[in-house]
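Here the structure comes first, spelled out in C-alpha cells, and everything after it is commentary.
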Amino acid sequence: MEEINIVKIGGKVIDNEDERNKFLAKLSGIKKNIILVHGGGKVANQILTSMGIEPVMVGGRRITDAETLKVVTMVYAGLINKTIAARLNSLGRPAVGLSGVDGTLLDAVKRPVKDIDYGFAGDITSEGVNAQLLINLVKDGYTPVIATIAADKNAQLLNINADTVASTLTAGLAKHVKTNLFFCFEKKGVLMDANDDNSVIPLLNTQNYPELSAKGIFSEGMIPKLENAFRTVNQGVQKVIIGNSNDVEKFFEAEYAGTLICK
C-alpha cells in the first residue's frame, strides 16, 4: 500500500445537506486510499437545544455531561455516520461506518480534570489506534467513515474532539504506512483575518505559528485544529493541509490549495 489519506470534514459542510453531498460526490471520484473522519457539532447543538440542554464549548472543545453524551453518541455515531456511509455507497465508493468503539478502533481515556472539567470527554494516543483494522479495510477496497465516539477499558463511552481523532489516527497509521492529513471545512484555509475569506495563510510552521498565535490571529475553534496539525507533523506524517471542502481534489496535487502545516 503506497499511502493512506485521512480526510476530516466538519463545519457547515456537515450541517448543509447539499454541501455535504457535493463534497462526498467529489471525494467518491478520488482514486486514492481514503479514511473519512467527521464531526457534527452543530447538528448536535440543534438537538441539544431542542431538548432544553444548553451546549457548552470551551476553547473549541465540548463540555460533555451525561445527557450531552447520549445526544452526541446518537448524532455522531448514528445519524451523521450512517448518512455519510450510505451516500458514499450510493455513489459507488464502498464505505464502512465506524465509531472508535467498533473493533476497539480507538482506545480512549477520560480527560483528567485540571482547570476545566470536560465531563465525559476523552483523549487518545497514537498507541491507542487499531491501525491494522483500518489498513485491512482499506486494502479490501473500503473507505472507513469514522465517528468520534470511543470508550475506555471500563466500557465508558467518551466524546473525542474530531480534529484530535483525525490527527491521532493519522499519526497511528504513520507507523505502518505513509500518511497525509486533510482538514476540510467551509473556509479556504487558515485566515489572517477572520472577516476576509481571501486572507489565507499559505504556510504555517514552527517559526511563524507562535508569533501569530500570540497576536490572537486564530479563532477559538481553529486552535484545536492547529494544535493537532502541528502535533501530527511532528509524528512522521507526510503532509497536513487545512482548506475548503470544494478544493478536496486539489489537496492530492502538487499545487495544493489551503494552508500547508509543516515543521
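The values are calculated or read from the model by the stated rules, or taken from the named source; none is laboratory data. Predicted, not measured: the structure shown is a model, and the values here were computed from it. Don't worry about glycine lacking a Cβ; one is built from the backbone with ideal geometry, like all the others, and counts go over all protein chains shown.
Report, by residue number, each residue of segment 220-260 that is over 17 Å from the mean Cα position of the chain (by Cα) and small (Gly, Ala, Ser).
Those that are over 17 Å from the mean Cα position of the chain (by Cα) and small (Gly, Ala, Ser): Gly236, Ala254, Ala257.
Considering only segment 150-162, I want to know if a residue exists there that is modelled with pLDDT under 95 and in a helix (DSSP H, G or I).
Looking for residues that are modelled with pLDDT under 95 and in a helix (DSSP H, G or I), one finds at least one in segment 150-162, hence yes.
Of the numbered conditions (1) surrounded by fewer than 17 Cβ atoms within 10 Å (Cβ to Cβ); (2) of a type in the set (S, T, N, Q); (3) touching a residue at least 40 places away in the same chain (Cβ under 8 Å), Thr49 satisfies every one except a single condition; which is it?
(3)
In this structure, is Asp163 buried (at least 23 other Cβ atoms within 10 Å of the Cβ) and of a type in the set (Asp, Glu)?
So Asp163 fits the description; yes.
Among the residues that make up segment 94-105, is at least one of them of a type outside the set (A, V, I, L, M), more than 25 Å from Ala155 (Cα to Cα) and under 15 Å from the mean Cα position of the chain (by Cα)?
Checked against the condition, which is being of a type outside the set (A, V, I, L, M), more than 25 Å from Ala155 (Cα to Cα) and under 15 Å from the mean Cα position of the chain (by Cα), segment 94-105 yields no hits at all.
Please verify whether segment 32-43 includes one or more residues that are in a loop (DSSP other than H, G, I, E, B) and out of contact with any helix residue (DSSP H, G or I) (no Cβ under 9 Å at 6 or more places or on another chain).
Within segment 32-43 (the criterion being in a loop (DSSP other than H, G, I, E, B) and out of contact with any helix residue (DSSP H, G or I) (no Cβ under 9 Å at 6 or more places or on another chain)), the answer is no, since none of the residues qualifies.
Taking segment 165-207, which residues are within 25 Å of Leu98 (Cβ to Cβ), of a type in the set (Ser, Thr, Tyr) and either modelled with pLDDT under 90 or in contact with a Leu (Cβ under 7 Å, 6 or more places away or on another chain) (or both)?
Ser167, Thr170, Thr179
I'm checking my understanding of the structure. Among residues of segment 168-222 that are in a loop (DSSP other than H, G, I, E, B) and of a type in the set (Lys, Arg), which one is nearest to Ile261 (Cα to Cα)?
My answer is Lys188.
Could you list, ordered by first residue, the pairs with Cβ atoms under 7 Å in which the first is in segment 12-24 and in contact (Cβ under 8 Å) with a residue 24 or more places away in the chain and the second is assigned to a helix (DSSP H, G or I) and acidic (Asp, Glu), at least 6 apart or interchain?
Close Cβ pairs satisfying both conditions: Lys12/Glu19; Val13/Glu19.
Mind listing just one residue for me: the one in segment 220-262 that is among the polar types (S, T, N, Q) and closer than 14 Å to Phe185 by Cα and, of those, surrounded by the most Cβ atoms within 10 Å (Cβ to Cβ)?
Ser245
Within segment 184-219, which residues are over 23 Å from Ser167 (Cα atoms), loosely packed, with under 13 Cβ neighbours inside 10 Å and touching a strand residue (DSSP E or B) at 6+ places or on another chain (Cβ under 9 Å)?
If the condition is that a residue be over 23 Å from Ser167 (Cα atoms), loosely packed, with under 13 Cβ neighbours inside 10 Å and touching a strand residue (DSSP E or B) at 6+ places or on another chain (Cβ under 9 Å), then Asn198 is the only one that fits.
Sort out which residues of segment 1-22 are under 15 Å from the mean Cα position of the chain (by Cα) and under 14 Å from Ile84 (Cβ atoms), and write them in order of number.
Val7, Lys8, Ile9, Gly10, Val13, Ile14, Asp15, Arg20 - these are the residues of segment 1-22 that are under 15 Å from the mean Cα position of the chain (by Cα) and under 14 Å from Ile84 (Cβ atoms).
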